[in-house]
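Please read the structure below before turning to the comments.
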Amino acid sequence: MDKPAHRRLPGRRRFLGTMTGMDIFRIPVERLLLLIVASLVIFAAMNLLPGDPAAVMLGLDASPESLTALHHQLGLELSLPSRYAHWINAFLHGDLGRSYIYDVPVSRLIGERLQSSLPLILLAMLLSLGTGIPLGTMAAANRGTALDNGLMGVIQLFKSIPDFWLAMMMTFLFSLTLHWLPSSGFPGWGEGIAPALRALTLPAIALAIPQAAITARFMRSSLIETLSQDFIRTARAQGYSRGGVLWRIALPNALIPVLTLAGIQLPVLVTGTIIVESVFSLPGCGKLLLEAVNQRDIPVVQNLVMLIVTAVMILNVLMTALVRWLDPRLGTES
Amino acid sequence: MTTHPNRALRAGGILLGIVLLPATLIALLNGDQAPPIDVMHRYAPVSLLHPLGTDPFGRDIMVHVLTGAFNSVTIAVISVCLATIVGTVLGLIAAARPARSIMGLADLGLAFPPVLIAALLVTALGASATGEILAIALFGLPAQIRITRQAARSILIQDYIAASRLAGRGPVYIMRRHVLPNILPLLTVQATSSLALAILSDAGLSYLGLGAPPPRPNLGRALASYQIHIFDHPLLVAIPGLTIMLLVLGFNMLGDGLRDALDAAHEEQTP
C-alpha cells in the first residue's frame with residue numbers, strides 16, 4: 001500500500017507526499033462519516049426522546065391552538081427524516097435556527113458568546129503548552145534527580161485538581177483577598193483589550209494548569225523515550241554534545257506526540273471551558289449551552305453541540321495533518 | 001515515583017483510605033442522604049459533635065461531604081464498570097477481525113466530551129443519575145476499546161494462539177481462555193486510572209447541574225451550593241474540593257503504582 005520508505009528522500013516534507021493515495025481521501029472521509037453519525041446522535045437525542053418541546057415551552061396550561069401553531073412554526077408536523085434533512089441543510093448553509101427563548105438567530109447568540117470563549121480556549125492552550133513543554137523537558141533532562149522527582153510530584157498533584165475548584169480558590173486568593181484581578185464577568189472587547197484580557201486571565205490559568213500538568217508529564221516520557229533511541233546514540237557518536245542532542249535532535253522528535261496529545265485533549269479543554277465559564281460567570285458558549293439546557297431551548301442545544309463537535313473534529317483533522325507533515329514516518333505506519 | 005512502584009501504590013491506597021473508609025462508614029450508618037437541615041445551628045464552629053463545623057443550612061459539613069464522596073465514588077465506579085465491560089467486549093471484537101466501524105465509533109468519542117452528552121441527555125430527559133453514568137461511561141469507552149484492542153492483538157500474534165486455533169478452538173474460546181486472562185491486569189490498571197477521570201467528570205457535571213439530581217448529595221453539587229459563601233467561609237469551598245483532589249490523586253497514584261508493578265512483573269518474566 002505504501003511506497004517503500006527508502007524511496008523517499010530524507011528531510012523532504014511535502015504535505016501530501018507523506019500520505020498514500022488512499023490516505024488523502026480516507027481520513028477526511030472517515031471524519032465526515034463520523035460527523036454524520038454525530039449529527040444523527042444529536043438529532044435523535046433532541047427529537048426521538050419523549051417530551052413535546054412545544055408543550056415544554058408553552059407550559060402546562062397552553063391552549064391546543066397555540067400548541068398547533070407552535071408545532072407548525074417549529075416544523076414539528078413534518079416527518080423525522082425530512083426534519084433531519086431540513087436541519088442539516090440549514091446547518092450547512094450557516095442557518096442555525098432561532099432560539100425559542102431569546103427569539104433571535106442562534107448564530108447571532110453563538111457569535112456574541114464566542115468573543116470570550118474563543119480567546120479563553122486559545123489563551124489556555126497557549127499557557128498549557130507554553131508551561132507544560134518546558135517543564136516536561138526540564139524533568140526529562142534531569143531525569144532521576146531531586147528536581148525531576150519534585151516536578152513530577154507537583155505535576156501529579158495539579159493533574160488531580162478539578163479545574164473549576166482551582167478557579168474558585170484562585171478567585172478567593174487573587175480577587176477577593178489580593179484584589180489583583182476581577183473575580184467574575186467579562187467587559188467585552190469594546191472597552192479595550194486590557195480589561196478584557198484581565199477578565200480572562202484567571203479563567204485561562206485555571207483551565208491551563210491541569211492541562212499543563214498532563215502536557216508536562218507526557219512531554220517528559222516522550223523525551224525520555226526519544227533519548228533512548230538509536231539515532232540519539234549515533235548523534236552522540238558523531239560528536240554532538242549532550243545539550244546539542246537534546247535541543248536539536250531529541251526535542252523536535254519528542255514534541256510530535258505532544259502535539260497529538262494536544263489534539264486529543266481538545267474535548268477535555270472544551271469541557272473545562274464550559275465549567276470554568278460558569279465559575280467566573282463569563283458570558284461564553286458554555287454559559288449559553290447551560291442556559292439553553294435549563295430552559296430546554298432545543299435549537300440552541302442542538303446546533304451549539306453540533307457546532308462544537310464539528311469544530312473539534314476539524315481541528316483534529318488539521319492536527320493529524322500537521323503531525324504527519326512534521327513527521328513523515330507516521331503516515332507509513334498503519 | 002517510577003522507581004518505587006510500591007511507594008506510589010501505598011500512597012494511593014492511603015489517600016483513598018483517608019476518604020473512602022470514613023465515607024463508607026458514614027454511608028452505612030446514615031444512608032446516602034444529606035444530613036438533616038438544622039437552622040438553629042448554622043455555621044457552627046469546629047467541635048466534637050461537628051468535626052468540621054456546620055454549613056449555612058446547619059448541616060454537618062463532614063457528614064455532608066463524606067456522604068457526597070460516597071455517592072460520587074459510587075457513580076464513578078458504576079460508570080467505569082460499564083465502560084470497562086462494554087469496551088472490553090468491543091475491543092476484543094475489533095482485535096479479532098478488522099472492524100473499522102467499531103474503531104470509527106471509538107473515534108467519535110474524540111469529539112464528544114461528557115458534558116455535551118450530558119447536555120443532550122438532560123435537555124431530552126431531565127437530570128438523572130442514569131444519564132450521568134451513561135455520559136461518563138460513553139466518554140471512557142473509546143480509550144477502553146483502543147487499549148483492549150491493542151493489548152489483545154499483541155496476544156493474538158503469539159504462537160500458542162495459532163496452536164490453539166489449529167487444535168480447533170473457536171474465537172470465543174481463545175478470547176476467554178487465552179486473551180482475557182492475559183490482558184486482565186492491564187484492564188485493571190486502566191480501570192483504576194479511569195476512576196480518577198470519572199470522579200473529575202462527575203464533579204464537573206454535578207457542579208453544572210447536569211449530574212445526578214438532588215436529594216442525594218455529591219461533591220460537585222456541594223461545591224456549587226457553597227460557592228457563594230467563598231468570601232465569608234472559604235473553608236466551605238475548600239473542603240469538598242480537597243476531597244475530590246484526594247480521591248483523584250489516590251486513584252491516579254494507585255493506577256500508576258499498579259502499572260509500575262505490572263511492568264516490573266513483566267520484566268521479571270522476560271529477563
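List of remarks:
- Put the Cα centre of region A:59-104 next to the Cα centre of region A:234-280 and the gap is 45 Å.
- Projecting label points 7 angstrom from Cα along Cα→Cβ for B:ARG7 and B:LEU180 puts them 3.8 nm apart.
- Extreme residue, positive dipole direction of chain A, given options A:LEU202, A:SER183, A:VAL29 (C-beta unit charges): A:VAL29
- Per-residue Cβ neighbour rank within 10 angstrom, fewest leading, B:ILE244, B:ILE102: B:ILE102, B:ILE244
- Here each label is just a point 7 Å from Cα along the line to Cβ, and for B:ASP159 and B:ARG42 those points are 7.7 nm apart.
- Footprinting exposure proxy for A:TRP87, A:TRP165, A:TRP325, A:TRP189 (fewest neighbouring C-beta atoms within 10 Å first): A:TRP189, A:TRP325, A:TRP87, A:TRP165
- Shielding of peptide B:118-131 by partners, expressed as the average count of other chain Cβ atoms within 10 Å per residue Cβ, is 5.
- Degrees, to the nearest 10: A:64-74 long Cα axis against longest axis of chain A: 40 degrees
- Counting only alpha carbon atoms, the long axis of helix A:251-264 and the longest principal axis of chain A meet at about 20°.
- In plain terms, the chain from A:SER228 to A:ARG242 could stretch by 3.8 nm, reckoned as 0.36 nm per residue minus the Cα-Cα distance.
- Positive-end residue, chain B charge dipole about Cα centroid, Cβ charges, pick of B:GLY211, B:LEU125, B:VAL19: B:LEU125
- Shape call, chain A: gyration tensor on alpha carbons, a/c limit 1.5: oblate
- For region B:1-143, the dipole from Cβ point charges (+1 on Lys and Arg, -1 on Asp and Glu) about the Cα centre works out to 440 debye, to the nearest 20.
- Evaluating kT/(6 pi eta Rh) at 10 °C and 1.306 mPa s, with the Kirkwood radius of region B:142-271 over Cα pairs in the Stokes-Einstein relation, gives 89 µm² s⁻¹.
- Degrees, to the nearest 10: A:21-47 long Cα axis against longest axis of chain A: 30 degrees
- Each Lys and Arg Cβ is given +1 and each Asp and Glu Cβ -1; about its Cα centre, the protein assembly as shown then shows a dipole of about 2360 debye.
- Sites listed here are trypsin sites (Lys or Arg not before Pro) in region B:159-204 whose DSSP assignment is loop and whose Cβ has at most 16 other Cβ atoms within 10 Å: B:ARG169.
- Neighbouring Cβ atoms from other chains, within 10 Å of the Cβ of residues in B:228-241, number 3 on average.
- Computed magnitude of the charge dipole of chain B (debye, nearest 20; Cβ of K, R +1, Cβ of D, E -1): 900 debye
- Each principal axis of the Cα atoms in the protein assembly as shown has its own extent, and those three values, largest first, are 76, 65, 63 angstrom.
- Segment A:ASN142..A:VAL29, full-extension length gain: 36.3 nm, with 0.36 nm per residue of separation and the alpha-carbon distance subtracted.
- For residues of A:163-174, the mean tally of beta carbons on other chains within 10 Å: 5
- Listed residues B:ILE75, B:ILE157, B:GLY109: farthest to the positive end of the dipole of chain B (Cβ charges): B:ILE157
- Kyte-Doolittle mean at least -1.0, axial Cα span of 20 Å or more - DSSP H helices of chain B: B:5-30, B:61-96, B:129-156, B:180-208, B:234-269
- Prolate/oblate/rounded label for region A:209-334 (Cα gyration tensor, a/c 1.5): prolate
- Between region A:116-179 and region B:129-153, the Cα center-to-center distance that results, in Å: 27 Å
- Qualifying GluC sites (Glu not before Pro) in region A:225-334, DSSP loop, other Cβ atoms within 10 Å at most 11: A:GLU333
- Taking 7 Å steps out from each Cα toward its Cβ at B:HIS266 and A:ALA194 produces label points 5.5 nm apart.
Each reported figure results from applying straightforward, stated rules to the coordinates on display, with no laboratory input. On a predicted model such as this, the values are computed, not experimentally measured, just so you know. Every residue, glycine among them, receives a Cβ derived from its backbone with ideal geometry; neighbour counts consider all protein chains shown.
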